[in-house]
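Input: a single structure, listed below in structure tokens.
The values are calculated or read from the model by the stated rules, or taken from the named source; none is laboratory data. Everything numeric here is computed off the predicted structure, so don't read it as measured data. Reconstructed Cβ throughout: ideal geometry from the backbone, glycine too, with neighbour counts over all protein chains shown. These accessible areas exclude ligands, DNA and RNA; they are computed on the full protein's heavy atoms, side chains included. Shrake-Rupley method; radii C 1.70, N 1.55, O 1.52, S 1.80 Å.
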Amino acid sequence: MRKKLIAFLAAAMVLGASGVPSAGAGTSLGGESSDNVEWLKHVPFDAVTGTGARLVGDLLYVTSWRAFSIYDVSDAMNPALLSTTPFGFAFENEDVATNGKILLFSESLPQNILHIWDVEDPTLPVQIAQLPGAGDHTMSCILDCDWGYGSDGSIVDLRNPSSPKLAGDWHELIGLTDDGHDVEEFKKGFVIISTISSPLLALDVRNPLKPKVLAQGEHPDPASWLFHSARWPNKGKDRFLLMEGEGTNGPFLTYDTTGWKKKRSFELIDSWSPSSASSHWFQEHPDFHNGGLVTVAWYGEGTQILEVKPDGTIEQVGWFRGHAGDAFSSYWMGDDLIYHVDLYRGIDILRLHPD
């Protein structure tokens with residue numbers, strides 16, 4: 001199954017470099033964009049290969065394939081670098097898992113190891129443990145990082161983070177024969193599973209060793225792309241479950257959650273893609289409620305800004321593509337600022353102007 005995942009990802013990265021920007025582009029020192037997206041400044045990422053980030057309070061944790069960095073973003077226009085921690089090549093940890101106390105770095109290659117870092121002092125992170133055999137492609141915190149759920153099935157007991165334990169395999173416990181790509185906790189003890197070619201899954205993991213399948217949603221094109229990541233806004237109270245796919249023409253998708261507990265399913269509403277490039281990490285706007293804005297990284301297509309309409313249909317409302325860039329993740333920093341995290345360039349700070 002891991003070979004299948006690697007093949008999907010390799011194809012997605014090749015396609016990501018071939019995107020063509022939409023018509024009507026404006027050009028700046030940062031790149032090309034729609035008229036309503038302004039490039040403001042560039043923050044070089046110290047170690048290159050910036051793959052993902054996680055915001056906890058005023059701290060932004062950004063990981064790469066050979067280091068991670070922590071920024072103070074209390075002034076979002078002027079992020080202040082607090083520390084960079086190099087550790088040599090380790091792939092890939094693209095979904096950053098931290099509660100601001102510990103940070104999990106999941107090394108799939110060249111070793112299969114989960115690294116646990118103490119980050120309570122953001123200026124001086126300290127590695128406190130390693131757990132061989134738990135280097136899943138992604139590792140996610142659940143239950144405030146007392147536990148970790150890995151994409152390959154690893155259940156990690158982190159209640160004593162300096163002595164982590166491999167406690168089980170959630171794939172086996174729910175009978176999942178497919179591989180997974182990511183686990184996203186949308187409220188404490190409840191997660192959405194982004195699978196490779198199976199239906200997406202909602203699980204109750206309040207008892208991490210006894211996960212329960214609550215609902216699932218159709219995978220519309222398992223031969224072309226994998227479910228990459230999920231977000232269910234407003235802690236699972238929103239009408240829309242948001243998904244995106246990685247691979248050939250990997251799209252952004254909306255699912256209707258109405259009556260999901262009774263139906264035990266989510267209904268696909270719409271999907272959107274700008275070209276044959278692949279989507280990647282995304283985030284809904286802080287004001288998202290039964291619709292609203294979403295910012296999505298789209299590899300060679302840069303950052304795409306989409307609007308989910310009240311009926312769940314999707315429309316492009318803006319975009320930015322950095323010069324010689326490859327967007328891996330995109331995040332809202334307040335009402336109108338966006339951090340575009342690029343694999344090669346670093347962080348581009350963008351402003352979305354209202355129409």
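This table checks each residue for (1) modelled with pLDDT of 95 or more; (2) over 15 Å from Gly31 (Cβ atoms); (3) among the charged types (D, E, K, R).
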position: Leu306; (1), (2), (3): yes, yes, no
position: Glu315; (1), (2), (3): yes, yes, yes
position: Asp326; (1), (2), (3): no, no, yes
position: Ser330; (1), (2), (3): yes, no, no
position: Met333; (1), (2), (3): yes, yes, no
position: Ile338; (1), (2), (3): yes, no, no
position: Asp342; (1), (2), (3): no, no, yes
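For Gly247, indicate whether it is of a type outside the set (D, E, K, R), surrounded by fewer than 18 Cβ atoms within 10 Å (Cβ to Cβ) and at positive phi. Against the criterion (of a type outside the set (D, E, K, R), surrounded by fewer than 18 Cβ atoms within 10 Å (Cβ to Cβ) and at positive phi), Gly247 does not qualify. For segment 109-152, the set of residues classified as touching a residue at least 12 places away in the same chain (Cβ under 8 Å) and β-branched (Val, Ile, Thr) consists of Ile113, Ile116, Val119, Thr123, Ile128, Thr138, Ile142, listed by residue number. Residue check: Val341 meets all listed conditions (1) over 17 Å from Pro79 (Cβ atoms); (2) among the hydrophobic types (A, V, I, L, M, F, W, C); (3) buried (at least 20 other Cβ atoms within 10 Å of the Cβ) but one, namely (1). Residues of segment 291-302 that are out of contact with any Asp or Glu (no Cβ under 6 Å at 6 or more places or on another chain) and over 17 Å from Glu246 (Cα atoms): Gly291, Gly292. The criterion of at least 3 residues that are over 18 Å from Ser140 (Cβ atoms) is met by the following strands (runs of 3 or more DSSP E) wholly inside segment 54-93: 67-72, 80-86. Hey, could you check segment 188-233 for residues that are open to solvent by less than 10 Å² (accessible area, probe 1.4 Å) and in contact with a Pro (Cβ under 6 Å, 6 or more places away or on another chain) and say which is nearest to Ser279 (Cα to Cα)? Checking each candidate, the answer is Gly217. Listed by position, the strands (runs of 3 or more DSSP E) contained in segment 130-187 that have at least 3 residues being open to solvent by less than 30 Å² (accessible area, probe 1.4 Å) are 139-142, 147-150, 154-157, 180-187. Restricting the first member to segment 190-208 and to residues that are touching a residue at least 60 places away in the same chain (Cβ under 8 Å) and within 17 Å of Pro222 (Cα to Cα), and the second to residues that are open to solvent by less than 10 Å² (accessible area, probe 1.4 Å) and part of a loop (DSSP other than H, G, I, E, B), the beta-carbon pairs closer than 7 Å and six or more apart or on different chains are Ile196/Asp179.
Taken as a whole, segment 213-236 holds at least one residue that is farther than 28 Å from Asp169 by Cα and under 20 Å from the mean Cα position of the chain (by Cα).
From the list Ser22, Ser28, Ser18, the lone residue that is at pLDDT 85 or above and either open to solvent by 30 Å² or more (accessible area, probe 1.4 Å) or out of contact with any Pro (no Cβ under 8 Å at 6 or more places or on another chain) (or both) is Ser28.
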